[in-house]
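Notes follow once the structure below has been shown.
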Amino acid sequence: MNLWDWRVTAALGALGWGSWALVVNWEAGWASATVSAVVQGTVSLCSISFLLLLANQVLGRPWRSPGIRVVAGTLVPYGVLLTVVVTAHMIAHTHNIFLTIAPSATIGIVYSAIYAYKNREKYAPEAGARGAVVGTDRATAPGLPSERGPKRRV
């Protein structure tokens with residue numbers, strides 16, 4: 001089992017963080033805790049793949065240095081996801097939003113930083129790396145600059 005595979009990470013995140021949400025919201029009643037658990041599990045499942053896709057897009061931008069690429073590849077996708085998660089819990093009327101998301105938010109930022117660091121050169125335009133979409137090259141990867149440059153007229 002490869003924990004860096006997004007499918008494994010997403011499934012473990014949905015199960016683990018959904019269960020955590022059930023426990024910390026139990027005092028609000030069974031129905032409220034169950035809704036919070038379903039929201040947290042679903043958001044965790046969807047956010048892992050979205051986080052990695054968005055991180056790959058940010059890492060593929062032409063940054064001035066690998067350090068800026070890592071910081072942006074960590075904070076931009078994570079900030080977007082944190083906003084979505086908090087909003088989803090506010091809509092679902094989660095009893096303890098902070099306690100529900102704090103552990104996953106903490107582990108999520110660490111995971112994001114490690115992912116961005118490990119992949120800082122993989123999607124770099126100047127490295128001539130493969131695109132953010134698995135199985136495509138930079139010329140066909142959506143959202144990434146092409147290595148071929150503009151077409152010339154003959």
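The values are calculated or read from the model by the stated rules, or taken from the named source; none is laboratory data. On a predicted model such as this, the values are computed, not experimentally measured, just so you know. Cβ coordinates were reconstructed from backbone atoms using ideal geometry, including for glycine residues, and neighbour counts include every protein chain displayed. For accessibility, only protein heavy atoms count, side chains too; no ligands or nucleic acids. Shrake-Rupley method; radii C 1.70, N 1.55, O 1.52, S 1.80 Å.
If you check residue 17 against the conditions, is it open to solvent by 40 Å² or more (accessible area, probe 1.4 Å) and more than 17 Å from the chain's Cα centre (by Cα)?
No.
Take residue 70 and tell me if it is open to solvent by less than 40 Å² (accessible area, probe 1.4 Å) and more than 23 Å from residue 11 (Cβ to Cβ). Yes; evaluated as a whole, the condition is true for this residue.
Contact annotation: residue pairs with Cβ atoms under 9 Å, 6 or more positions apart or on different chains, pairing a residue in region 1-14 that is at pLDDT below 80 with a partner that is of a type in the set (D, E, K, R), are 4/118. When residues in region 48-88 are screened for being part of a helix (DSSP H, G or I) and free of Cβ contacts under 8 Å to residues at least 60 places away in the same chain, 28 of them pass. Filter region 112-137 down to the residues that are modelled with pLDDT under 85 and not in a loop (DSSP other than H, G, I, E, B), then identify the one that is nearest to residue 38 (Cα to Cα). In this case the residue turns out to be 125. Here region 29-46 is the region considered, the condition is being touching a residue at least 60 places away in the same chain (Cβ under 8 Å) and either in contact with a helix residue (DSSP H, G or I) (Cβ under 8 Å, 6 or more places away or on another chain) or not in a helix (DSSP H, G or I) (or both), and the residue that is surrounded by the most Cβ atoms within 10 Å (Cβ to Cβ) is 40. Taking the conditions exactly as written (of a type in the set (A, V, I, L, M, F, W, C) and under 19 Å from residue 121 (Cα atoms)), does residue 10 satisfy them or not? Taking the combined requirement at face value, the residue does not satisfy it.
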